[in-house]
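Everything on this sheet refers to the single structure shown next.
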Amino acid sequence: MTNTMTRREWLLSDAPQTRRQARLGAFYQGWLTFRANKLAMLGLIILILLLGMAAFAPLLAPKSPFAQDLASRLQPPSAEHWLGTDALGRDILSRLIHGSRITLFIVGTVALIAPVIGLFIGTVAGFAGGWVDQVLMRITDIFLAFPKLILALAFVAALGPSIGNAVLALALTAWPPYARLARAETLTIRNADFIAAARLQGAGRARLLFRHIWPLCVSSLIVRVALDMAGIILSAAGLGFLGLGAQPPMPEWGAMISDGRTYILDFWWVAAMPGLAIFTVSMAFNLLGDGLRDVLDPKGGAK
Amino acid sequence: MTKPPMLSIHDLNVWFGDPPDRVDAVKHASIAVAEGASFGLVGESGSGKSTILRAVAGLIDSWSGNLEVAGRTIHGARRDRQFFKTVQMVFQDPYASLHPRHSVDAVLSETLRLQGIGDVDRRINRLLDDVGLGRSFRFRYPHQLSGGQRQRVAIARALAAEPRLLLLDEPTSALDVSVQAEILNLLSDLRAEHGLTYLMVTHDLAVVGHMCDRIAVMQHGRLVEELQVEDLRRGAAQADYTRGLIAASGSYRAGG
Amino acid sequence: MTDAPLLSVRNLRVTFPTRQGLFQAVRGINFDLGRERLGVVGESGSGKSMTGRSVLGLIRPPGRVEADRMEFQGQSILNLPERRMRKIRGQRISMVMQDPKFSLNPVMTVGRQITEAYRLHRRVSRADAHAKALEMLRAVQIRDPERVMDSYPHEVSGGMGQRIMIAMMLAPDPEILIADEPTSALDVSVRNEVLSIMDNLVRDRGMGLIFISHDLNMVAQFCDRVLIMYAGRIVETLPARELHKARHPYTQGLLASLPRLDAPQDRLPVLTRQDSWRDGDPIAPHADTDLPGGLR
Ligand SMILES: Nc1ncnc2c1ncn2[C@@H]1O[C@H](COP(=O)(O)OP(=O)(O)OP(=O)(O)O)[C@@H](O)[C@H]1O
Ligand SMILES: Nc1ncnc2c1ncn2[C@@H]1O[C@H](COP(=O)(O)OP(=O)(O)OP(=O)(O)O)[C@@H](O)[C@H]1O
Ligand SMILES: [Mg+2]
Ligand SMILES: [Mg+2]
């Protein structure tokens with residue numbers, strides 16, 4: 001039976017025969033929706049390129065990112081140095097390529113930690129209600145009351161400047177909006193009949209939370225995270241720029257801009273190249289987030 | 001007739017909230033549903049019909065009175081596994097009672113696992129056959145199902161635990177008449193096959209007349225009357241409210 | 001009052017692109033609405049809601065609405081830009097959605113939702129809007145309206161939710177009301193009250209009412225004219241009073257599947273659908289009763 005169907009038909013079947021087919025089918029439908037959004041595809045391609053760049057950085061980079069060559073400092077872009085050199089004569093392209101690893105590390109860790117904290121706190125607060133909700137939400141409000149970067153600065157100042165601490169500080173300051181979002185979603189879900197029905201099967205609180213409520217909150221969180229990613233990159237760059245994140249000579253993009261700012265008028269490329277990189281990646285995440293919203297928006301999926 | 005009733009509710013009060021804004025949704029309600037019977041609950045909208053079912057099912061913890069299911073007395077809102085194997089509920093709105101991201105298979109297998117029933121694969125297929133859906137529906141998601149099909153899945157979920165008492169909260173009011181006929185036939189068949197007991201809320205007197213043997217009528221959170229369905233048919237009701245209902249269900253007279 | 005129809009629709013089509021190709025939810029239907037009660041019945045998925053929603057421009061993209069004509073009091077409202085549609089929607093044409101609990105915001109009190117909806121259309125003070133909301137809730141037979149105003153949607157019963165939606169939609173005095181299964185969760189006595197409110201609006205203010213329902217008996221008694229829909233088309237139009245004399249086998253099948261209080265039966269007959277129903281010619285009564293406007 002399957003051999004008379006094309007793979008596409010098999011995936012899009014309205015009556016899947018196996019669990020795997022159903023899951024792949026749902027996934028494929030999502031992919032088709034995503035693919036229809038050209039800009040989102042552009043974002044995805046940029047991000048895949050970024051991943052590839054980070055993975056193969058040593059192979060791709062023409063020079064060592066740390067090799068100084070004071071004789072050829074502040075060179076404009078040329079055949080030798082495609083994106084020019086910085087104040088210590090290091091090849092900017094190579095530094096950017098290696099820097100993508102740091103960027104991905106920061107973004108990846110923050111994107112893993114912050115939403116999970118937020119999801120946990122938000123859903124527990126929304127689901128439990130009562131004083132648990134009160135306490136958790138007051139804590140969230142306290143965090144929200146401070147501007148994010150200031151709070152992160154305070155954390156890093158207390159913990160000591162390093163890239164690990166910068167990530168931690170960013171994650172700790174980024175979760176409150178996710179908690180808010182997850183709580184709001186939970187409030188709309190928790191009185192739904194399907195939760196009552198699951199309770200009637202004997203499902204305990206933990207099960208309701210993790211198996212029934214989380215899956216519904218996760219999709220809007222993912223979208224939100226993708227859209228926030230640009231902000232996280234910029235905050236990380238900001239910390240780097242202030243000298244509180246990655247330490248020299250690490251080729252972190254924010255720190256590179258910071259290095260270049262003294263020469264911005266005469267040797268614009270030193271600051272502009274990492275700036276352009278940050279801009280491109282931030283934009284890619286935003287486009288991706290938009291596409292994911294098409295796919296994951298519960299309104300679009302149902303009915 | 002010495003068997004204890006399947007469900008006995010005695011002097012049930014249910015309220016929401018605390019004193020200044022306390023709402024007494026059900027006041028001093030008592031009913032007994034014999035094993036194998038089909039009992040109808042009709043009455044004014046907002047009179048507490050759903051609330052009674054929810055309190056029995058353990059979805060509301062603010063109640064007082066005496067509840068007995070299959071001879072066992074129930075306390076508070078905690079229900080043990082034994083209870084869920086005896087009592088299950090079907091909700092009014094088929095669009096709200098299925099998790100939007102769980103496939104039919106996921107819903108049923110989770111239920112079976114929670115009830116500690118093995119042999120999941122074969123069971124699911126049997127359940128789907130029982131409710132007239134067939135296996136091709138097993139891996140669909142709710143958005144791939146019509147309202148009637150969703151309600152069948154909800155019924156299958158309730159049947160998975162092989163309960164003896166089904167609480168049905170307006171199981172067909174969101175469905176069109178041709179699907180309603182299918183679901184009502186299905187419910188009659190299932191009752192005959194498995195010897196189920198039904199407690200069924202509905203506002204459609206014709207549906208109660210078709211499905212139930214005995215009915216109770218509610219108004220303002222109180223039971224105003226209990227009567228046999230034959231009496232309902234003959235229009236031989238005692239309470240004014242019931243008589244009004246019967247009269248109103250016949251017709252809507254456009255004024256003038 | 002004029003004899004021109006309030007709403008006139010010709011060859012309305014609603015299509016959704018799906019993976020399996022274009023899906024036509026509504027396939028070319030024609031009707032006129034006068035200052036009357038027009039019933040729309042048909043089985044689930046026959047396109048009743050889509051017809052109602054398309055009038056208000058509520059079909060979400062990628063769904064598409066096409067028609068040769070869709071006029072509200074002589075003015076075309078087909079695919080109006082959202083900004084202009086918003087002036088009409090809610091104020092001049094309003095719609096009671098099928099799934100009230102779905103349409104209400106779960107984390108906002110009922111009272112706030114009604115007053116805000118009302119203030120969107122009428123420039124009145126908050127207190128006046130509040131008073132109006134209370135009055136409307138009382139009109140739809142809600143017992144203690146003050147309490148219900150302060151409740152969240154999950155704290156009201158199914159039927160109360162439905163009545164809240166009706167109150168919300170009737171508050172701005174629309175010229176056309178599209179009611180999508182507005183009474184499916186109401187007991188008969190409350191239902192009759194709600195029907196009589198709509199009835200009064202039709203008779204006294206000349207409102208046009210499109211009443212979507214699957215309760216055939218009620219439609220037969222309450223409406224003036226009935227459209228019967230099957231698979232996105234109108235298969236039969238007839239005066240409501242003659243619904244029980246319907247000639248189309250589909251209508252007859254629907255009627256037969258109703259349980260009856262006075263004639264108990266063991267099994268209810270179910271419908272066996274025929275392919276020929278999909279594209280056959282619609283059955284209409286004698287031309288004189290089908291005049292647009294439908295004024296009796
Ligand atoms: N969670 C809640 N909090 C506060 N009040 C509630 C809650 N649930 C129900 N109520 C109130 O209890 C009363 C009875 O509601 P219930 O849902 O039992 O009515 P019902 O008889 O099922 O009506 P319907 O036929 O309209 O569904 C209503 O007045 C409702 O407002
Ligand atoms: N977004 C969509 N994409 C594809 N098909 C859709 C979409 N929305 C609705 N449909 C289809 O349009 C058809 C008509 O739906 P509609 O909601 O009008 O039915 P209905 O007559 O109101 O039924 P019910 O009595 O169940 O409310 C259905 O077959 C439905 O599956
Ligand atoms: Mg109810
Ligand atoms: Mg509909």
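Taking region C:171-180 as the region of interest, how many residues are over 17 Å from C:SER213 (Cβ atoms) and buried (at least 19 other Cβ atoms within 10 Å of the Cβ)?
Kept after step one, since they are over 17 Å from C:SER213 (Cβ atoms), are these residues of region C:171-180: C:171-175.
Cutting the leftovers down to buried (at least 19 other Cβ atoms within 10 Å of the Cβ) gives us C:171, C:174-175.
So the answer is 3.
Report the residue count in region A:27-56 for those that are within 14 Å of chain B (Cβ to nearest Cβ) and touching a Phe, Trp or Tyr at 6+ places or on another chain (Cβ under 7 Å). Before the answer, list the steps.
Step one: filter region A:27-56 for residues within 14 Å of chain B (Cβ to nearest Cβ), giving A:27-30, A:33.
Okay, now just the ones that are also touching a Phe, Trp or Tyr at 6+ places or on another chain (Cβ under 7 Å), so none.
Total meeting the criteria: 0.
Being under 28 Å from B:LEU175 (Cβ atoms), in a loop (DSSP other than H, G, I, E, B) and among the hydrophobic types (A, V, I, L, M, F, W, C), is that true of even one residue in region C:74-94? Don't jump to the end; show me each part of the working.
Restricting attention to region C:74-94, the residues satisfying the condition of being under 28 Å from B:LEU175 (Cβ atoms) are C:93-94.
Restricting the remaining residues to those that are in a loop (DSSP other than H, G, I, E, B) gives none.
No.
For the condition touching a residue at least 24 places away in the same chain (Cβ under 8 Å) and under 30 Å from B:HIS99 (Cα atoms), what is the one hit in A:ILE278, A:ILE195, A:ILE222, A:ILE233? Can you show your working first?
On the way: A:ILE278 fails: under 30 Å from B:HIS99 (Cα atoms); A:ILE195 fails: touching a residue at least 24 places away in the same chain (Cβ under 8 Å); A:ILE233 fails: under 30 Å from B:HIS99 (Cα atoms).
Just a single option satisfies the conditions, and that option is A:ILE222.
If the requirement is being closer than 19 Å to A:ALA196 by Cα and either touching a helix residue (DSSP H, G or I) at 6+ places or on another chain (Cβ under 8 Å) or of a type in the set (S, T, N, Q) (or both), which of these qualifies: B:LEU59, B:LEU53? Please lay out each step first, then the result.
Numbers: B:LEU53 fails: either touching a helix residue (DSSP H, G or I) at 6+ places or on another chain (Cβ under 8 Å) or of a type in the set (S, T, N, Q) (or both).
Criteria check complete, one pass: B:LEU59.
Find the helices (runs of 4 or more DSSP H) located wholly in region C:177-296 whose residues include 1 or more that are within 11 Å of another protein chain (Cβ to nearest Cβ) and either under 30 Å from B:ARG191 (Cα atoms) or in contact with a helix residue (DSSP H, G or I) (Cβ under 9 Å, 6 or more places away or on another chain) (or both), and list them. It would help to see each step written out before you state the result.
Values: elements: C:188-205, C:216-222, C:249-256, C:276-279.
Per the criteria, C:188-205, C:216-222, C:249-256.
When the residues of region A:193-207 are filtered to those that are over 17 Å from B:LEU168 (Cα atoms) and within 31 Å of the chain's Cα centre (by Cα), which remaining residue is surrounded by the most Cβ atoms within 10 Å (Cβ to Cβ)? Steps first, please.
Restricting attention to region A:193-207, the residues satisfying the condition of being over 17 Å from B:LEU168 (Cα atoms) are A:202-207.
If we keep only those that are within 31 Å of the chain's Cα centre (by Cα) too, we end up with A:205-207.
Values: A:ARG205: 11, A:ALA206: 8, A:ARG207: 16.
By that ranking, first place goes to A:ARG207.
Hand me the list of helices (runs of 4 or more DSSP H) wholly inside region B:169-256 holding 3 or more residues that are more than 16 Å from ligand 4 (Cβ to nearest atom), more than 9 Å from chain C (Cβ to nearest Cβ) and closer than 23 Å to B:GLY46 by Cβ. Show your work before the answer.
Numbers: elements: B:177-194, B:205-211, B:229-234, B:240-250.
Passing ranges, in order: B:240-250.
Only one of C:ARG143, C:ARG138 is under 21 Å from B:GLN219 (Cα atoms) and more than 12 Å from every other protein chain (Cβ to nearest Cβ); which?
Values: C:ARG143 fails: more than 12 Å from every other protein chain (Cβ to nearest Cβ).
Only one candidate passes the filter, namely C:ARG138.
State whether the residues of region B:106-122 include one that is within 8 Å of another protein chain (Cβ to nearest Cβ), assigned to a loop (DSSP other than H, G, I, E, B), within 16 Å of ligand 2 (Cβ to nearest atom) and among the polar types (S, T, N, Q). Spell out how you get there, then give the answer.
First, the residues of region B:106-122 that are within 8 Å of another protein chain (Cβ to nearest Cβ): B:110-111, B:114-115.
If we keep only those that are assigned to a loop (DSSP other than H, G, I, E, B) as well, we get B:115.
The next check asks that each one be within 16 Å of ligand 2 (Cβ to nearest atom); those that pass are none.
There is no residue in region B:106-122 that is within 8 Å of another protein chain (Cβ to nearest Cβ), assigned to a loop (DSSP other than H, G, I, E, B), within 16 Å of ligand 2 (Cβ to nearest atom) and among the polar types (S, T, N, Q).
Within region C:14-49, can you find the residues that are more than 14 Å from chain B (Cβ to nearest Cβ) and either within 7 Å of ligand 2 (Cβ to nearest atom) or free of Cβ contacts under 8 Å to residues at least 12 places away in the same chain (or both)?
C:GLY21, C:LEU22
Counting residues that are crowded, with 24+ Cβ neighbours inside 10 Å and either more than 14 Å from chain C (Cβ to nearest Cβ) or away from ligand 2 (no atom under 16 Å from the Cβ) (or both), which strands (runs of 3 or more DSSP E) fully inside region B:38-101 reach at least 3? Talk me through it step by step, then tell me what you get.
Numbers: elements: B:38-43, B:63-69, B:72-74, B:87-90.
Per the criteria, B:38-43, B:87-90.
For residues in region B:152-172 being at pLDDT below 90 and under 10 Å from the mean Cα position of the chain (by Cα), which is surrounded by the most Cβ atoms within 10 Å (Cβ to Cβ)?
Checking each candidate, the answer is B:PRO171.
So which of C:VAL140, C:VAL110, C:VAL96 ends up being within 16 Å of ligand 4 (Cβ to nearest atom), at pLDDT 85 or above and surrounded by 20 or more Cβ atoms within 10 Å (Cβ to Cβ)? Can you show your working first?
On the way: C:VAL140 fails: within 16 Å of ligand 4 (Cβ to nearest atom); C:VAL110 fails: within 16 Å of ligand 4 (Cβ to nearest atom).
The match here is C:VAL96.
Please pick out the residue among C:GLY39, C:GLY57, C:GLY45 that is more than 16 Å from ligand 3 (Cβ to nearest atom) and in a strand (DSSP E or B). Reasoning before the result, please.
Values: C:GLY57 fails: in a strand (DSSP E or B); C:GLY45 fails: in a strand (DSSP E or B).
Every option except C:GLY39 fails the conditions.
Out of the residues in region C:265-296 that are over 21 Å from C:LEU7 (Cβ atoms) and among the β-branched types (Val, Ile, Thr), which is modelled with the lowest pLDDT?
The residue in question is C:ILE283.
Do you know which residues across region B:178-214 are within 16 Å of ligand 1 (Cβ to nearest atom) and either touching a Cys at 6+ places or on another chain (Cβ under 9 Å) or not hydrophobic (A, V, I, L, M, F, W, C) (or both)?
Selection gives B:MET200, B:THR202, B:HIS203, B:ASP204.
Are there any helices (runs of 4 or more DSSP H) wholly within region A:226-303 with 1 or more residues that are over 24 Å from A:TYR178 (Cα atoms) and at pLDDT 85 or above, and if so which? Step through it out loud before you land on a result.
Working: elements: A:253-260, A:269-296, A:298-301.
Because the criterion is at least 1 residues that are over 24 Å from A:TYR178 (Cα atoms) and at pLDDT 85 or above, the helices (runs of 4 or more DSSP H) in region A:226-303 that meet it are A:253-260, A:269-296.
The values are calculated or read from the model by the stated rules, or taken from the named source; none is laboratory data. As the structure is a computational prediction, the values presented were derived from the model and not from experiment. Reconstructed Cβ throughout: ideal geometry from the backbone, glycine too, with neighbour counts over all protein chains shown.
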